[in-house]
Amino acid sequence: MESIYYVLCFACHRRCAHCYEERFRPYSRQRQSEVIATAKRNFPRVIANLPDTMMYLDRRQPLPGGGFAQRVGRVILSGGEVLLDGVREEILYPALDALRLKYAENGGVKLVVQTTGDLITPTIIGELLDRGIWMISVAGMDDFHSGMQGEKRAPLERRLISLFEAAGMSASGHGAGERKASDEEGPLYSFFGATPDTWIGKLWPRGRAWANGLSSATLADNFCNRWSGGLNFLDHAYSGSEVAIEPTGDVYPCCLKTKHPLGNLTQERLIDILDSLADHPAFQAINRGAPEHMGLTLGWSVDRFFERSKTVTPKGEPYGNLCIGCDAFHKEVLGSIIEDRRALRLGRRSAMAQQ
């Protein structure tokens with residue numbers, strides 16, 4: 001698989017107004033201990049159920065004799081904020097060690113740590129490099145993050161560049177969200193944020209971004225047909241495939257997260273989940289980046305899907321986006337189909353265990 005986006009823990013030191021996930025926030029001491037304990041309990045089982053290899057075939061690089069070039073995929077470890085005290089030592093570092101060990105004899109893996117950036121220190125950079133990370137991706141470079149508005153973020157960016165380069169890291173030449181092969185040699189660093197020029201600039205209709213009326217996306221903005229959307233999520237042997245995983249182990253076809261998870265990686269293998277859905281027209285439509293076609297065999301015309309993609313924001317403003325229609329379709333139709341498929345998989349798994 002080219003990419004796995006794994007949110008290790010919901011704990012964060014910020015409560016940003018534009019965040020797509022309400023659970024990314026500071027917690028009380030007791031509640032944070034519980035959130036960290038859940039993530040710590042689940043990550044070994046999640047990693048055990050990831051693909052046996054992260055090698056994939058790059059359809060953008062055909063070989064002269066036929067077939068495609070083989071490349072090493074990446075696992076992006078994110079939060080919340082994975083560099084928080086407690087999360088960093090208890091979850092992030094053991095997860096990096098486990099991933100490196102899992103793929104050491106199976107082609108390797110490119111490990112990416114995504115962070116808001118303001119907790120980075122020379123010591124932490126060294127500890128990450130010691131664990132073989134390929135990239136540190138700083139994701140807090142936008143006006144929505146407190147203290148990062150406009151030129152206010154320039155001093156942090158300059159300081160981080162100085163720290164990264166002193167540690168022997170190089171700037172990535174690929175922009176966040178670009179559908180390009182991971183062909184750069186690490187260790188690398190990169191910067192991005194929810195700025196107007198990026199693929200997430202209009203903000204997903206999720207979490208606090210939705211509650212605060214900040215998404216400016218329209219029906220013309222098809223998040224599904226972009227990187228971090230559902231496009232190619234089923235094609236796990238090839239370039240373009242990515243899934244998103246929560247600290248609970250729930251897995252989704254996109255980072256935005258559909259209303260119903262595809263399955264749970266504390267119980268099942270990722271490839272088993274994907275392969276069990278590959279023959280269904282609704283998931284094939286997501287895989288094509290055409291969510292409006294999800295219901296064509298289930299009583300939902302394209303016109304109906306577009307109509308159900310219109311709503312009113314919590315602030316009372318008219319709004320339309322395909323993610324809204326996707327939510328409605330999952331809630332009313334697809335959720336029960338997902339659960340039926342999951343029951344069949346778990347039933348077969350139980351039967352095999354008893355043999």
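In contact with a strand residue (DSSP E or B) (Cβ under 9 Å, 6 or more places away or on another chain), farther than 30 Å from residue 311 by Cβ and polar (S, T, N, Q), is that true of residue 137? Spelling it out, residue 137 is indeed in contact with a strand residue (DSSP E or B) (Cβ under 9 Å, 6 or more places away or on another chain), farther than 30 Å from residue 311 by Cβ and polar (S, T, N, Q). Is one or more of the residues making up the stretch 299-317 without any contact (Cβ under 8 Å) to a residue 24 or more places away in the chain, more than 29 Å from residue 209 (Cβ to Cβ) and surrounded by 12 or more Cβ atoms within 10 Å (Cβ to Cβ)? Yes, the stretch 299-317 contains a residue that is without any contact (Cβ under 8 Å) to a residue 24 or more places away in the chain, more than 29 Å from residue 209 (Cβ to Cβ) and surrounded by 12 or more Cβ atoms within 10 Å (Cβ to Cβ). If you check residue 330 against the conditions, is it open to solvent by 40 Å² or more (accessible area, probe 1.4 Å) and under 30 Å from residue 35 (Cα atoms)? The answer is no for residue 330.
For the stretch 81-118, the set of residues classified as closer than 20 Å to residue 141 by Cβ and either at pLDDT 95 or above or open to solvent by less than 10 Å² (accessible area, probe 1.4 Å) (or both) consists of 81, 82, 83, 84, 112, 113, 114, 115, 117, listed by residue number.
Pick from the stretch 33-59 the residues that are hydroxyl-bearing (Ser, Thr, Tyr) and either in contact with a strand residue (DSSP E or B) (Cβ under 9 Å, 6 or more places away or on another chain) or over 22 Å from residue 272 (Cβ atoms) (or both): which of them is surrounded by the most Cβ atoms within 10 Å (Cβ to Cβ)? The selected residue is 56.
Determine whether residue 145 is assigned to a loop (DSSP other than H, G, I, E, B), within 21 Å of residue 15 (Cβ to Cβ) and in contact (Cβ under 8 Å) with a residue 60 or more places away in the chain.
Working: assigned to a loop (DSSP other than H, G, I, E, B): yes; within 21 Å of residue 15 (Cβ to Cβ): yes; in contact (Cβ under 8 Å) with a residue 60 or more places away in the chain: yes.
Yes.
Being in a helix (DSSP H, G or I) and closer than 19 Å to residue 339 by Cα is a description that does not apply to residue 324.
In this structure, is residue 61 on the phi < 0 side of the Ramachandran plot, free of Cβ contacts under 8 Å to residues at least 60 places away in the same chain and of a type in the set (S, T, N, Q)?
Numbers: on the phi < 0 side of the Ramachandran plot: yes; free of Cβ contacts under 8 Å to residues at least 60 places away in the same chain: no; of a type in the set (S, T, N, Q): yes.
No: the conditions fail for residue 61.
Among the residues of the stretch 300-312, those identified as out of contact with any helix residue (DSSP H, G or I) (no Cβ under 7 Å at 6 or more places or on another chain) and of a type outside the set (D, E, K, R) are 301, 312.
Of (1) over 26 Å from residue 201 (Cα atoms); (2) open to solvent by 40 Å² or more (accessible area, probe 1.4 Å); (3) in contact (Cβ under 8 Å) with a residue 60 or more places away in the chain; (4) in a loop (DSSP other than H, G, I, E, B), residue 20 satisfies all except one. Which? For residue 20, the exception is condition (1). Within the stretch 121-136, the set of residues being of a type outside the set (A, V, I, L, M) and buried (at least 20 other Cβ atoms within 10 Å of the Cβ) comprises 134 only. Only a single item in (1) surrounded by fewer than 17 Cβ atoms within 10 Å (Cβ to Cβ); (2) in a loop (DSSP other than H, G, I, E, B); (3) touching a strand residue (DSSP E or B) at 6+ places or on another chain (Cβ under 7 Å) is not met by residue 157, and it is number (2). Where the second residue is in a loop (DSSP other than H, G, I, E, B) and among the basic types (Lys, Arg) and the first is surrounded by 22 or more Cβ atoms within 10 Å (Cβ to Cβ) and lies in the stretch 256-272, which pairs have Cβ atoms under 6 Å and are six or more apart or on separate chains? Going by the 6 Å Cβ cut-off, the qualifying pairs are 256/206.
In the set (1) at pLDDT 95 or above; (2) surrounded by 12 or more Cβ atoms within 10 Å (Cβ to Cβ), the condition left unmet by residue 349 is number (1). On inspection, residue 241 fails the criterion of being at pLDDT below 95 and touching a Phe, Trp or Tyr at 6+ places or on another chain (Cβ under 9 Å).
Among the residues making up the stretch 236-254, those that are touching a residue at least 60 places away in the same chain (Cβ under 8 Å), surrounded by fewer than 23 Cβ atoms within 10 Å (Cβ to Cβ) and of a type outside the set (Asp, Glu) are 236, 237, 238, 240, 241, 248, 249. Quick check on the stretch 76-87. Is at least one of its residues hydrophobic (A, V, I, L, M, F, W, C), in a strand (DSSP E or B) and closer than 30 Å to residue 214 by Cα? Yes: one or more hits.
The values are calculated or read from the model by the stated rules, or taken from the named source; none is laboratory data. For clarity, every value in this text was computed on a predicted model and none was experimentally measured. Don't worry about glycine lacking a Cβ; one is built from the backbone with ideal geometry, like all the others, and counts go over all protein chains shown. Just so you know, the surface numbers come from the protein's heavy atoms only, side chains and all, with ligands and any DNA or RNA stripped out. Shrake-Rupley method; radii C 1.70, N 1.55, O 1.52, S 1.80 Å.
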